[in-house]
Each structure stands twice: as C-alpha cells, then as structure tokens.
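A.B. asks: Got a structure for you, written out below as structure tokens; questions coming shortly.
The values are calculated or read from the model by the stated rules, or taken from the named source; none is laboratory data. This is a predicted model, so every value here is computed, not measured. Positions of Cβ are backbone-derived with ideal geometry, glycine not excepted, and every protein chain shown enters the neighbour counts. These accessible areas exclude ligands, DNA and RNA; they are computed on the full protein's heavy atoms, side chains included. Shrake-Rupley method; radii C 1.70, N 1.55, O 1.52, S 1.80 Å.
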Amino acid sequence: MVKERSETNGQNRAKTVLVIGGGPGGYVAAIRAAQLGAAVTLVEKEKLGGTCLNRGCIPTKCLLRSAELIRDIREHGAELGVRTKGVEVDFPQIIAHKNQITKTLTQGVGALLKMNGVTSIQGEAVFTAPKTVEVTKPDGVRETMTPDAVIIAAGSGNAVPPIPGIKENPCCIDSTRALSLETLPKTMVIIGGGVIGLEMACYFASIGTKVTVIEMLPKIAGSTDPEICELLMRTYKKQGMDFCLNARVEAVTDRSVVYSDASGRHEIACGRVLLSAGRRADVTGLNVEALGIALERGAVVTDRQMRTNVPGVWAVGDCNGKLMLAHTAYREAEVAVNDMLGKKDAIDYSIIPSVIYTTPEVACVGETEQSAREKGLDVQVVKAPMALSGRYLAENPKGTGFCKLLYDRKNRCVVGVHMVGSYVSEIIYGAAMMVHSKLPVQHLDKIVFPHPTVGEVVREALFLL
Ligand code: NAI
C-alpha cells in the first residue's frame, strides 16, 4: 500500500510536468495540466491515442457497428418491412472504415494537445533518477528532462497464459491483430470469454465466422450480473456462437485447440485462434524498479490521488492495473493533475460504469447483488423488462432485456444498476449519477424522462420500489 501523504500545498505546485504515454490517461492528464497553467511535455513511443484509439475501444466499435447493421437487417429487416436480397459483407471495407475513423481520432488527439500548448514528442522514455527522464527519439537523439512532476501513463499489453504451442502458432492472434486481418476466417476459437472475447465473438460471428468461445470459469463476462450473463449466453447461442465453459485449454496445435472439461478431452479445428485471456499493466523498459517505485504483479501501486510511493511521480490508466477502462483513465488523469497542482481530489472506483458493446449491450454501475450481500447491505432488487419501453419494442420486436436496480433500504438510495439491451451504454451515466449522488428515491421520482426513450425503463424500475 502507498501511504497517503498530506495534500500538496500551493508552494509545491508542479510548474513543469512530463507525461509518459499518449493514451486516454496520458493525453487527458497533459491537456488538463496545461489548462491549469503547467508547462507540459508528453512523450509517446508509438502513436498518440494509445490502446483505446489505436487497438481498443474505438476500432472495435467501428467493427461492431458493421456487425450490428448486418444483424439488424438479417434479423429484423423483413419484420420491419425492409426486404433485401441477402446482405453482402465487404470485409476489406469494414477494415478500411475502421482505419479511417481511427486515423481521424488519433490526429484529433495531436491537434488537441497542440491547441492546449502541450509539447508532444515521439520517443521512448526511461527514468534515470526520480524526476529525471531520458527520452530517445526515433533518430537516436537523446534528451534528458528534469520536470517537477512525472505522470506515468504507459498502458497495458495482452496477457499470454502458458498454453503449450500458443506462441509458436502463426494462426494464433491477439485482439490487436484481429482488428486488421486480411481475410475473414471461416472458423475461430476464442480463448477467454471476458469483455474482449465477447466483443470479438459478436463481431466475427455477425460477419460470417463460426465462433467457439472457450472459458475456464463456469460463466462468461466475469463478474457481470449472473442473470445478465444467462440472457447473453442464450442470445449469443441464437446468433450462432458456441461456448465451452469450465474448460481448460491444454494446447494449441496447428489449426486446432485442445481443451478438457468434465466430459473429457476435446479438439476443435479452427482457422484462427484468438487469445483474449486478460490484459496486464505494462511499464517494461521504463526502469521504474531502479527508482524504487512500488509494483504489484507488474502494475504501479497508487493511492486515491494516483500518487506512487515516490514523491513527484503519479501513475494513471491501465499501468496501475486498477480498472482497465479508458474512462477510468480519464478520471484518474484529472485526479492526478488536480493533486499535483494543489486541488483536493480523490478517485472513487465504485461509481465507474462498465459496458460490454455486444448485441445486446450490457451496462452496469455500482454494487452487484453479490457485492451488496458481501458488504451486508439490506438491498431490495427490482427488475423492469426493456419491453416496457415503447421505443425499445418498436426497434426490438422480440423485446428481451431488462434493467435491474439495487435499492439500499437503510440509506434509501440506489446503489447499483445493471442493464442489458440496446442503447444501455448511452443510459448508464444517468444511473451512475443516481449511484454517485446517493439521492433519496423520492427525489429521483421527480426526474422526468423523455418519451419514448429506452431510458424510461430506469423510471419503470424506480416505480417498482
Ligand atoms: P477479462 O479479464 O475481461 O477476461 C478474460 C477471460 O479469460 C476471463 O473470463 C478468464 O477467466 C478467461 N481466461 C483466462 N485464461 C484462460 C484460459 N487459459 N482458458 C480459458 N479462459 C481463460 O480480459 P479481456 O477480455 O482480455 O479484457 C482485458 C481488459 O480490457 C479488461 O480489463 C476489460 O475491462 C478491458 N476492455 C474493456 C472493454 C469495454 O469496456 N467494453 C472492451 C475491451 C476490453
């Protein structure tokens, strides 16, 4: 644990700030610090935008939008009076669209940094002493920097479990490679049924790949509400995906995966194997160990102000291994900068929403039934079906999906919201405001929801209390 230090006072404000990493943690920290008056330099060894813009959130959303369009026409088109003579998948164009959007947004980050007066340098940073960083630029020129404060925002990489054959197999890809395949595989085995595995499964299954997900736990989607997971499984299976749960991958051979479960040993032939078995914080090459910066399983240890144990050094985003989400990194960046510039702030991970962007979408915030039980909270659980929303039904005639609300009887406020259905990623921030503000339910009752919207289902759930 990092000891909480006393708040930075006015005189200790950092005047020069170096940010290492140009992903959501790094560029938000750099822009925020510059806006608050610091002289800021940002160093990025690859492309600005980090995992989110180059190989994560944004490119996958492009691919998933193509997938959703195809699925909508195939599944709902005829019922809604739109008949087509088959849907043709133009795989190279799907990838080209994704590349174009990614390029626009990464260029946008460069422009934003410039507009806010941040000096952006391409190069690789290495600590040589606390608050002394050497940057090697692409032409080999080295520059030593001695800022008042350093923010590490170095990101994460794919975890590779010790499965025999996995590294040697050219058919085995990670989520980065999966974004830019030249040809669409006919079959794919996905190792890991977490967020990345499910989003990839949804994309590939929608555009014509036969997908099998192998997950070692008894359920997919990690700690997501179990009822939502059951609905997801049912829906994904209808979409043509296969699942092997409680399954242990024994080996990856040339174009097949060998796994075992309670019924024995099995082998699945496949064109591609996609590994999505988690991500790990990555500060390799930064020389943080030599400075005595505390690490835990490769992640930089931070406190609620994003401080490391070394004065003058903060760490935000995936590299601290807390909640590997771009929006967590944004908030951590704000907290770190506020702290270093003398403004009181602290991170609260309990109110950060999470989303799975498959069809259907999943969006959750706050306590789950299990975590509420573990904390001894007296919660009432209510569940409103999505079909109560006229708009939802108009667009999804089969109308599955629901909004589950957890109400803390003692404190008379909503402590958790879990939704599955279309648009829920766009509604969850309202639920996050309820959970964060702890507003008593009689105040929430006075909020007027526009009609007809899918968000009305939250109001329907509130009525059930
Ligand atoms: P994850 O931790 O969400 O899921 C990995 C899954 O792989 C787990 O269910 C685990 O039990 C399983 N697994 C691990 N080893 C295995 C093995 N040998 N055989 C079978 N199953 C195995 O990690 P994931 O999906 O790779 O995502 C990484 C990070 O990226 C997460 O922190 C996630 O939150 C973030 N992310 C968030 C997105 C979003 O917000 N929509 C989208 C994509 C990623």
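A.B. asks: Can you name the residue in the range 249-269 that is closer than 18 Å to E168 by Cβ and among the polar types (S, T, N, Q) and is also modelled with the highest pLDDT among such residues?
C.D. replies: Looking at residues that are closer than 18 Å to E168 by Cβ and among the polar types (S, T, N, Q), I get S256.
A.B. asks: Under 6 Å between Cβ atoms, at least 6 apart or on separate chains: pull out the pairs that start in the range 108-124 with a residue that is under 13 Å from A33 (Cα atoms) and end on any residue that is open to solvent by less than 70 Å² (accessible area, probe 1.4 Å) and assigned to a strand (DSSP E or B).
C.D. replies: The qualifying pairs are L113/S120; V118/V40; V118/L42; T119/T41.
A.B. asks: A further question on this structure: If we keep just the residues of the range 374-392 that are of a type in the set (A, V, I, L, M), out of contact with any Gly (no Cβ under 7 Å at 6 or more places or on another chain) and under 14 Å from I427 (Cβ atoms), which is nearest to the ligand (Cβ to nearest atom)?
C.D. replies: Checking each candidate, the answer is A384.
A.B. asks: Looking only at the range 330-373, filter to residues that are more than 30 Å from R71 (Cα to Cα), small (G, A, S) and buried (at least 21 other Cβ atoms within 10 Å of the Cβ); which one of those is farthest from the ligand (Cβ to nearest atom)?
C.D. replies: That would be A336.
A.B. asks: How many of the residues making up the range 409-434 are surrounded by fewer than 21 Cβ atoms within 10 Å (Cβ to Cβ) and either in contact with a Lys or Arg (Cβ under 8 Å, 6 or more places away or on another chain) or more than 24 Å from R65 (Cα to Cα) (or both)?
C.D. replies: Here the count works out to 7.
A.B. asks: Report whether or not G222 is closer than 22 Å to M324 by Cα, surrounded by fewer than 17 Cβ atoms within 10 Å (Cβ to Cβ) and within 14 Å of the ligand (Cβ to nearest atom).
C.D. replies: The answer is yes for G222.
A.B. asks: Restricting to the range 282-307, name every residue that is of a type in the set (G, A, S), open to solvent by 20 Å² or more (accessible area, probe 1.4 Å) and within 16 Å of the ligand (Cβ to nearest atom).
C.D. replies: G298
A.B. asks: Could you check the range 142-179 and list, in sequence order, the residues that are of a type outside the set (S, T, N, Q), part of a strand (DSSP E or B) and touching a residue at least 60 places away in the same chain (Cβ under 8 Å)?
C.D. replies: M145, A149, V150, I151, I152, G157, C172, I173 - these are the residues of the range 142-179 that are of a type outside the set (S, T, N, Q), part of a strand (DSSP E or B) and touching a residue at least 60 places away in the same chain (Cβ under 8 Å).
A.B. asks: Among what's in the range 38-63 and is within 16 Å of the ligand (Cβ to nearest atom) and more than 13 Å from the chain's Cα centre (by Cα), pick the residue that is nearest to Y27 (Cα to Cα).
C.D. replies: Quick first cut of the range 38-63, residues within 16 Å of the ligand (Cβ to nearest atom) only: 49-63.
Those still in the list that are more than 13 Å from the chain's Cα centre (by Cα) too: 49, 54, 62-63.
Working: G49: 8, N54: 14, C62: 22, L63: 25 Å.
Per the criteria, the residue is G49.
A.B. asks: Kindly indicate whether G376 is under 17 Å from V458 (Cβ atoms) and small (G, A, S). Step through it out loud before you land on a result.
C.D. replies: Working: under 17 Å from V458 (Cβ atoms): no; small (G, A, S): yes.
No, not satisfied.
A.B. asks: Has the range 308-325 got at least one residue that is of a type in the set (D, E, K, R), under 29 Å from I427 (Cβ atoms) and within 11 Å of the ligand (Cβ to nearest atom)?
C.D. replies: Restricting attention to the range 308-325, the residues satisfying the condition of being of a type in the set (D, E, K, R) are 318, 322.
Restricting the remaining residues to those that are under 29 Å from I427 (Cβ atoms) gives 318, 322.
Filter once more, keeping what is within 11 Å of the ligand (Cβ to nearest atom): 318, 322.
Checked the range 308-325: at least one residue is of a type in the set (D, E, K, R), under 29 Å from I427 (Cβ atoms) and within 11 Å of the ligand (Cβ to nearest atom).
A.B. asks: Of L274, L217, which residue is surrounded by fewer than 18 Cβ atoms within 10 Å (Cβ to Cβ), within 15 Å of the ligand (Cβ to nearest atom) and farther than 22 Å from G421 by Cβ?
C.D. replies: Within the list L274, L217, the selection yields L217.
This table checks each residue for (1) in contact with a Gly (Cβ under 7 Å, 6 or more places away or on another chain); (2) modelled with pLDDT of 95 or more.
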{"position": "T146", "(1), (2)": "no, yes"}
{"position": "G165", "(1), (2)": "no, no"}
{"position": "E168", "(1), (2)": "no, no"}
{"position": "M188", "(1), (2)": "yes, yes"}
{"position": "I207", "(1), (2)": "no, yes"}
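A.B. asks: Being surrounded by fewer than 21 Cβ atoms within 10 Å (Cβ to Cβ) and touching an Asp or Glu at 6+ places or on another chain (Cβ under 6 Å) narrows it down to one of G157, G193, G208, G165, so name that one. First the steps, then the outcome.
C.D. replies: Numbers: G193 fails: surrounded by fewer than 21 Cβ atoms within 10 Å (Cβ to Cβ); G208 fails: touching an Asp or Glu at 6+ places or on another chain (Cβ under 6 Å); G165 fails: touching an Asp or Glu at 6+ places or on another chain (Cβ under 6 Å).
Testing whether each residue is surrounded by fewer than 21 Cβ atoms within 10 Å (Cβ to Cβ) and touching an Asp or Glu at 6+ places or on another chain (Cβ under 6 Å) leaves just G157.
A.B. asks: Among the residues of the range 225-256, how many are part of a helix (DSSP H, G or I), within 14 Å of the ligand (Cβ to nearest atom) and open to solvent by 20 Å² or more (accessible area, probe 1.4 Å)?
C.D. replies: Total satisfying the criteria: 2.
A.B. asks: If I ask for residues that are closer than 16 Å to K343 by Cα and open to solvent by less than 10 Å² (accessible area, probe 1.4 Å), which ones from the range 15-29 would you list? First the steps, then the outcome.
C.D. replies: Initially, the range 15-29 is screened for residues closer than 16 Å to K343 by Cα, giving 15, 17, 29.
Across the range 15-29, the qualifying residues are V17, A29.
A.B. asks: Look at the range 78-118 and say how many of its residues are surrounded by 12 or more Cβ atoms within 10 Å (Cβ to Cβ), within 17 Å of G50 (Cα to Cα) and not hydrophobic (A, V, I, L, M, F, W, C).
C.D. replies: 8
A.B. asks: Give the range 257-271 a look and list any residue that's touching a residue at least 60 places away in the same chain (Cβ under 8 Å) and either within 15 Å of the ligand (Cβ to nearest atom) or surrounded by 15 or more Cβ atoms within 10 Å (Cβ to Cβ) (or both), or say none. Reasoning before the result, please.
C.D. replies: Pass one, the range 257-271, residues touching a residue at least 60 places away in the same chain (Cβ under 8 Å): 257, 268-271.
Once the filter is applied, which keeps residues that are touching a residue at least 60 places away in the same chain (Cβ under 8 Å) and either within 15 Å of the ligand (Cβ to nearest atom) or surrounded by 15 or more Cβ atoms within 10 Å (Cβ to Cβ) (or both), the range 257-271 yields V257, I268, C270, G271.
Conditions tested, residue by residue: (1) within 16 Å of the ligand (Cβ to nearest atom); (2) under 30 Å from I191 (Cβ atoms); (3) in contact with a strand residue (DSSP E or B) (Cβ under 7 Å, 6 or more places away or on another chain).
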{"residue": "T128", "(1), (2), (3)": "no, no, yes"}
{"residue": "V133", "(1), (2), (3)": "no, no, yes"}
{"residue": "A149", "(1), (2), (3)": "no, no, yes"}
{"residue": "N158", "(1), (2), (3)": "yes, yes, yes"}
{"residue": "I166", "(1), (2), (3)": "yes, yes, yes"}
{"residue": "C171", "(1), (2), (3)": "no, yes, yes"}
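A.B. asks: A further question on this structure: Looking at D139, D72, which is the one that is over 17 Å from G50 (Cα atoms) and at pLDDT below 95?
C.D. replies: D72
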